[in-house]
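Presented below is the structure to which this report refers.
The values are calculated or read from the model by the stated rules, or taken from the named source; none is laboratory data. The model shown is predicted, which means the values in this text are computed figures rather than measured ones. Neighbour counts are summed over all protein chains in view; Cβ atoms, including those assigned to glycine, are modelled from backbone coordinates with ideal geometry.
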Amino acid sequence: MVLERISILNFKNITQADLSFSANINCLLGNNGTGKTNLLDAVYYLSISKSAMNLTDGQCVTHGSDFFMVDGHYLVGEDERRENITCSFKKGSSGKVLKRNGKEYERMADHIGVLPIVMVSPADTALINESADERRRFLNGFLSQIERDYLGALVRYNHLLAERNKILKSGGGYYADVLTIVNVQLADVAAVIFAKRKEFIDKLSPIVSGYYRAISDDREDVSITYKSDLFEAPLEELLEKSAERDRIMGHTTVGVHRDDLVMKILDYPIRKYGSQGQQKCILIAMKLAQFEIIKQVTGLRAIMLLDDVFDKLDFLRVERLMEIVSGDHFGQIFLTDSNKVRIENIIRQINTNHRIFTVEAGDFTEI
């Protein structure tokens with residue numbers, strides 16, 4: 001899959017841009033705050049219909065303007081079918097509009113997975129350093145791109161969970177019959193989510209381990225395991241056991257909304273025992289594994305966005321990473337950096353089709 005060209009109006013600090021890209025490597029050079037990451041986020045928007053930075057649509061509008069528009073032209077699949085995706089938002093309107101080949105989507109969720117994308121960014125450190133919410137967000141975002149039923153199940157689970165918590169906060173007694181029905185429905189949907197997550201982690205972990213060894217020159221063993229209450233028993237049974245505790249707490253204390261990923265290096269928690277370089281390496285390996293699974297499931301090579309990926313990596317790991325992503329197995333790559341000499345050395349090393357853009361105050365110049 002290839003993004004051939006993009007047009008942007010009033011997206012963050014990019015007031016206007018019309019850019020054509022290489023099908024292989026696209027490098028964005030510039031100091032921090034110039035707009036490199038904003039371009040990657042515009043590309044991300046066209047795939048996921050929201051910002052990778054957890055910003056609202058309104059926060060993505062250029063200061064002083066009241067709308068933004070991002071338009072992309074793609075070649076997708078082995079038959080290289082053409083796809084045109086346009087995402088626009090206007091302040092004060094009913095919301096953003098997402099169009100595929102000129103036809104507006106009725107539901108944004110129907111677009112997820114059409115143009116798979118994988119992004120590596122400095123914000124990924126939250127997967128290691130922050131709460132389980134961040135790791136579940138990674139799971140949900142990834143699985144939603146490859147399993148259409150998963151996203152529907154997740155939405156349904158969250159709706160039922162909110163309903164159950166509302167009943168618990170009210171005391172629960174008067175709504176005992178309703179609570180019983182909600183428990184059954186919640187357990188059914190949770191079983192679907194649990195099975196999908198378990199299947200995904202079983203595939204993910206060995207691929208992450210393989211990529212980590214390839215990037216780090218086989219220095220350490222890493223692992224990722226899935227932690228869930230549902231390994232103990234089906235959710236309906238767990239809800240029965242926790243009924244009194246849930247009533248006292250006023251919320252649901254068991255379920256897949258508490259799931260987590262456990263990341264280890266040499267069988268120790270990487271959060272405590274991994275260096276910054278090792279942590280960065282496992283995060284990159286996770287995203288490369290994400291690409292691998294997307295390709296296996298959909299047959300599409302996701303676009304890779306590598307934002308400031310070289311920070312905290314030594315020369316050997318940078319060299320190994322670029323050897324991997326520039327190979328025939330991967331597809332179109334967008335990467336950002338502030339070091340021109342490093343980019344020139346990388347391009348010289350991989351010797352593949354590429355384009356380099358300098359970025360300054362939201363303006364892009366090809367060199």
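Among residues belonging to region 275-312 that are without any contact (Cβ under 8 Å) to a residue 60 or more places away in the chain and assigned to a loop (DSSP other than H, G, I, E, B), point out the one that is nearest to Leu39 (Cα to Cα). Per the criteria, the residue is Phe310. Scan region 106-116 residue by residue and report those that are part of a loop (DSSP other than H, G, I, E, B) and not charged (D, E, K, R). Answer for region 106-116, where residues must be part of a loop (DSSP other than H, G, I, E, B) and not charged (D, E, K, R): Ile112, Gly113, Val114, Leu115, Pro116. Check whether at least one residue in region 317-325 is buried (at least 21 other Cβ atoms within 10 Å of the Cβ), assigned by TED's automatic domain parsing to the domain that holds Ser131 and either acidic (Asp, Glu) or over 20 Å from the mean Cα position of the chain (by Cα) (or both), and report yes or no. The answer is no, given that none of the residues of region 317-325 is buried (at least 21 other Cβ atoms within 10 Å of the Cβ), assigned by TED's automatic domain parsing to the domain that holds Ser131 and either acidic (Asp, Glu) or over 20 Å from the mean Cα position of the chain (by Cα) (or both). Checking the structure you have, find out if any residue of region 82-105 is within 20 Å of Phe334 (Cα to Cα), of a type in the set (A, V, I, L, M) and assigned to a strand (DSSP E or B). Yes; the residues of region 82-105 include at least one that is within 20 Å of Phe334 (Cα to Cα), of a type in the set (A, V, I, L, M) and assigned to a strand (DSSP E or B).
Looking at region 197-215, can you tell me whether even one residue there is modelled with pLDDT of 95 or more and within 20 Å of Leu238 (Cα to Cα)? Scanning region 197-215 turns up at least one residue that is modelled with pLDDT of 95 or more and within 20 Å of Leu238 (Cα to Cα).
Which residues, taken from region 246-267, are touching a residue at least 40 places away in the same chain (Cβ under 8 Å) and closer than 21 Å to Asn129 by Cα? Val256, His257, Arg258, Asp259, Asp260, Leu261, Met263, Lys264, Ile265, Leu266, Asp267, listed by residue number. Taking Ala42 and the conditions (1) touching a Phe, Trp or Tyr at 6+ places or on another chain (Cβ under 9 Å); (2) closer than 26 Å to Leu143 by Cβ; (3) modelled with pLDDT under 95, which numbered condition does it fall short on, given that it satisfies the others? Answer for Ala42: the failing condition is (3).
Checked against the criteria, Ala153 does not count as small (Gly, Ala, Ser), assigned by TED's automatic domain parsing to the domain that holds Lys287, in a helix (DSSP H, G or I) and surrounded by fewer than 16 Cβ atoms within 10 Å (Cβ to Cβ).
Among Ala42, Ala17, which is over 28 Å from Ile324 (Cβ atoms) and either assigned to a strand (DSSP E or B) or of a type outside the set (Asp, Glu) (or both)?
Ala17
Residues in region 333-342 include at least one that is touching a residue at least 24 places away in the same chain (Cβ under 8 Å) and of a type in the set (Lys, Arg). Figure legend. Inter-residue proximity from region 131-151: first residues free of Cβ contacts under 8 Å to residues at least 24 places away in the same chain, second residues buried (at least 18 other Cβ atoms within 10 Å of the Cβ) and part of a helix (DSSP H, G or I), beta-carbon distance below 7 Å, spacing 6+ or different chains. Indicated pairs: Glu134/Leu127; Asn140/Leu154.
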